[in-house]
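Enquirer: This structure is in structure tokens; I'll ask about it shortly.
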Amino acid sequence: MEISRFVADPVARLRWPAASPFMPRWLFCPTPQAVGFALRNTLASLIALAIALWMELDSPQWAVATVWSVAQVRRGESMSKARWRIVGTLVGAVAAVVFIAAFPQQSWLFFPAVAAWIGLCSFLATFCLNFRSYAFVLSGYTCSIIAVAAASAPDDVFFIGVSRATYIVLGVVCEAAIATLFTLNLSTRARAAMVAQVEDVLHRLATLLREIVLHDRDTLVHAGEFSNMLVSVHQGLEFPAIEMGRQVHAGDHARAVLAEVSILVTRLVGLSGGAERAMLSDDGILADTRGQLLHLCDRLATARLKARALDDLHAQAAHLRTLFEQRAATGTQEMGRITHGVLAAAMGDMEEALAHCHAIYRPPPHDHFRFHLGGHRDIRLAFHNGLRGAVAIMLAALVYEVTAWPGGMGFIAITTLVCGLFATRENPVVGTTRFLSGAVWSAVAAGFLDLGVLPYLSDYEEFAFVLGIFLFVGGLAKCSRGTAGGAAAYGLLMPNLLMPGNQSRVDEVTFLNGAWHTVLAVGLSVLVFRLVLPFRARDERLRFGRHMRGELRRLCLVPLPPSPQWWIGTSVDRIGRMVRHAAQAGDHGAAGDIRLMLMFSSVGLNILLLRQLKRQRRDAVSAVITALLRALVRYRVASPRGIAVVRAARRRLARMERADPGNGRLLEVLACLDGIGRTASACVAAMAAGVE
């Protein structure tokens, strides 16, 4: 059967065997994008090296390493990383001068100070997204590299710092200049990429909304995967926004779309139990509501961010919101009225999201819109990252002090660099082995060049041709997902091991010492991050659950409650992390914890909506809500007594609603209480099942 398929499908005969270890696809059949990326950065590296040699800088290899450190497939990523790399380098250089001046010839005051600085930088990096975290870790390991190099000559620390900054600026400028030549219509392509990302969000929303309407059994699992996708899109929106320029606010509108979509999904997750009972009834109005929502899902599944299509979708969402508001006001059944009220609010969220989509496609004149989506800040992970970095530096310093190893200072510097890079990751354990393999390959490639090629070359042009081949291969590897981690180590460490110079070359002893301390430094960093307070996805899920239960209590009575957008952004970030880390660890038992987090998120949203309704006016309804929130602080929301308090408050408000059936505010309060009660009951049942 396989042979017949191969003969019948002529394209199959041209496909490269992906599983063959001897013919890697990324090397023998690269994509045009990978070839362009490798070519432009190889050219930038060789130009940076030529300029550094012409300037007779003492360590020109760092200019090459900077090019490959800054280089990213997306131009916006390179621009962001270059900017933050310069900032981090300047801060690290200042810190190095301070430490050398404060602790001259005092190794066991100097090393703990550097370790504490690395720990602090790693701690702060954990709280930042994208390349802002890179700036913190760069300031840490730049300080270590400069301070270690100047430890034997403290009077030269300023000149070493200036030299280091010169390499960085030179590499950044060369990479930016060559990338500009290779980049055409950057703003137009960036807008097209952002539009494609938002369209994908709408298409995935259509699938999830259909599952919610049809009450699919795996809706909550798919909602967790949807949250993970939203987090990935949110983190990537910064880069096309940079490419379009600061004067364009399409990135802010795109983040607002993600916020409104997240609130919509969370509303419907909280409605799920009541909506199921309502929509499965024989009421013709509810059956029509279900059909209207499914028709909207069909339109969303093929949505395109074009003016006419967006106008039609916005008009349909506005029509559904008006229709559901009328049915909420005139319905005969309480559950039907509440369901239509929540659906009307969800259609309002849809309108807002589509309005921001229109602003992405066709920006309004004099647009000054700003929007920031909240995210989770994990203090415990930050502390662990800082502690691991400090421990690694102290271990490396101890080895140096005990053995008096001539390469010990380089060993400390590379350990600092690698620990800083690991600290920027959500899961520091993932990818460490690949980074170690990249360090080994960098030593092999540099050894071949240093010992087998460079002795026979006399001109820079010959050297550039040979070196360019090795750099080009590293660039191709960086564009492949399976080899990107190792290629990052290769591009960063291989030039450092090569150590090219104008009037010198590396001998065998010098090279072997440098390669040995580089590979050992990466190995020590891998061991520290795997053995010292190792990251475990299940521990993270339990920590997130405890944290969210505590936050639900604080949301009930905190004087200045956060906005629903902030709460949803933070919750979606946590859920996305749980989904990613469970997938990386192959943990198939994480689905229950992810469902629980989604339900906690829905409870928190309904609490915030209740507080907004309470602030609208002071009356009997506000008094009931205030008493309820105070009781929930005492008894906890997701507990049997908390659920009983919610049900008692609901009965009081249901009597008020029957006496005043046209009161839309009461319907909104009842919808929030139903969402809290049903979702909290499901949380209690899920936690009890987990304990059992």
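The values are calculated or read from the model by the stated rules, or taken from the named source; none is laboratory data. Keep in mind the model is a prediction, meaning the values are calculated, not measured. We place every Cβ from the backbone using ideal geometry, glycine too, and count neighbours over all the protein chains shown. For the accessible areas, the whole protein counts, side chains as well, though only heavy atoms, and no ligand, DNA or RNA atoms are used. Shrake-Rupley method; radii C 1.70, N 1.55, O 1.52, S 1.80 Å.
Enquirer: Calculate what fraction, in whole %, of the accessible area of the chain sits on carbon and sulfur atoms when a 1.4 Å probe is rolled over the protein chains.
Expert: On the way: 18880 of 30630 Å².
That fraction is 62 percent.
Enquirer: Another one. Work from the charge dipole of the chain (Cβ charges, +1 for Lys and Arg, -1 for Asp and Glu, about the Cα centre) and give the residue of Phe600, Ile575, Ser480 farthest towards its positive end.
Expert: Of Phe600, Ile575, Ser480, it is Phe600.
Enquirer: Give the separation of the Cα centroids, segment 397-467 to segment 561-575, in Å.
Expert: 41 Å
Enquirer: Which helices pass in the chain if a helix is a full DSSP H run, must span at least 30 angstrom along its long axis by Cα, and must have mean Kyte-Doolittle hydropathy not below 0.0? Write down the numbers at each step before the final one.
Expert: Values: long enough: 32-54 (33 Å, 1.30); 75-102 (40 Å, 0.86); 130-150 (31 Å, 1.07); 157-182 (38 Å, 1.84); 186-214 (42 Å, 0.61); 250-279 (40 Å, 0.60); 307-330 (34 Å, -0.34); 334-361 (41 Å, 0.30); 379-403 (36 Å, 1.14); 508-531 (34 Å, 1.28); 537-557 (31 Å, -1.04); 564-585 (31 Å, -0.37); 591-616 (38 Å, 0.55); 664-691 (40 Å, 1.17).
Sorted by number, the helices that extend far enough and score high enough are 32-54, 75-102, 130-150, 157-182, 186-214, 250-279, 334-361, 379-403, 508-531, 591-616, 664-691.
Enquirer: Another question about this same structure. Counting each DSSP H run of 4 or more residues in the chain as -39500 (n - 2.57), what helix-only mean residue ellipticity at 222 nm follows after dividing by all residues, to the nearest 500 deg cm²/dmol?
Expert: Details: 27 runs with 541 residues, N = 692.
My calculation for the chain gives -27000 deg cm²/dmol from helical runs alone.
Enquirer: Here's something else I'd like to know. Determine, for each peptide in 594-607, 224-237, 179-192, the mean count of other beta carbons within 10 angstrom over its residues, then list the peptides with the highest first. Spell out each step's value before the answer.
Expert: Working: 594-607: 25.9, 224-237: 21.0, 179-192: 14.4.
The packing order, highest mean first, is 594-607, 224-237, 179-192.
Enquirer: With +1 assigned to the C-beta of every Lys and Arg and -1 to the C-beta of every Asp and Glu, and no other charges, what is the dipole magnitude of the chain about the Cα centre in debye, to the nearest 20?
Expert: Working: 69 positive and 52 negative charges, 557 e Å.
Dipole magnitude for the chain comes out near 2680 debye.
Enquirer: Compute the FRET efficiency between Asp311 and His368 as 1/(1 + (r/R0)^6), taking r as their Cβ-Cβ distance and R0 = 25 Å, and round to the nearest 0.05.
Expert: Details: r = 24 Å, r/R0 = 0.94.
Computed FRET efficiency for Asp311 and His368 comes out at 0.60.
Enquirer: Give the shape of segment 52-162 as rounded, prolate or oblate, defined through the alpha-carbon gyration tensor: a ≥ b ≥ c are the square roots of its eigenvalues, a/c under 1.5 means rounded, and otherwise the shape is prolate if a/b is larger than b/c and oblate if not.
Expert: It comes out oblate by the Cα gyration axes.
Enquirer: Which lysines have a Cα lying under 29 Å from the Cα of Lys478, excluding residues fewer than 8 positions away in the same chain?
Expert: By straight Cα distance, Lys478 reaches Lys81.
Enquirer: Given a 1.4 angstrom probe, what's the average accessible area per residue across the chain, in square angstrom?
Expert: Working: 30630 Å² over 692 residues.
It amounts to 44 Å² per residue over the chain.
Enquirer: Positive end of the charge dipole of the chain (Lys, Arg +1 and Asp, Glu -1 on Cβ, about the Cα centre): tell me which of Pro104, Ala680, Ala390 has its Cα farthest that way.
Expert: It is Ala680, whose Cα lies furthest towards the positive end.
Enquirer: Highest first, please rank the peptides 410-423, 529-542 by the mean number of other Cβ atoms sitting within 10 Å of their residues.
Expert: Working: 410-423: 27.1, 529-542: 16.4.
Peptide ranking by packing, descending: 410-423, 529-542.
Enquirer: Sorted by packing (mean other beta-carbon atoms within 10 Å per residue), highest first, where do 79-92, 303-316 land? Please report the intermediate quantities before stating the final value.
Expert: Numbers: 79-92: 21.8, 303-316: 15.6.
With the highest mean Cβ count within 10 Å placed first, the list reads 79-92, 303-316.
Enquirer: With a/c under 1.5 counting as rounded, go ahead and sort segment 373-457 into rounded, prolate or oblate using the C-alpha gyration tensor (a ≥ b ≥ c being the square roots of the eigenvalues; past the cut-off, prolate if a/b is larger than b/c, else oblate). Display every interim value, and only then the final one.
Expert: On the way: a/c = 3.54, a/b = 1.59, b/c = 2.23.
Taking the square roots of the gyration eigenvalues as a ≥ b ≥ c, segment 373-457 is oblate.
Enquirer: Kindly state, to the nearest 0.05, the FRET efficiency for Arg630 paired with Ala659, given R0 = 22 Å and r defined as their beta-carbon distance. Provide the component values of the computation, followed by the final result.
Expert: Numbers: r = 25 Å, r/R0 = 1.13.
Result of the calculation: an efficiency of 0.30.
Enquirer: Roughly what would the spin-label model give for Leu533 and Ala583, points 7 Å off Cα along C-beta, in nm?
Expert: 2.8 nm
Enquirer: What does the charge dipole of segment 383-533 about its Cα centre add up to, to the nearest 20 debye, if the Cβ of each Lys and Arg holds +1 and the Cβ of each Asp and Glu holds -1?
Expert: 700 debye
Enquirer: Continuing with this model, one more query. So for the chain, taking the charge dipole from beta-carbon charges (+1 Lys/Arg, -1 Asp/Glu), which of Trp566, Trp117, Ile379 sits furthest toward the positive end?
Expert: Trp566
Enquirer: Go ahead and run the numbers for FRET between Thr180 and Met55, Cβ-Cβ distance against an R0 of 30 Å, rounding to 0.05. Display every interim value, and only then the final one.
Expert: Values: r = 22 Å, r/R0 = 0.74.
Approximately 0.85, to the nearest 0.05.
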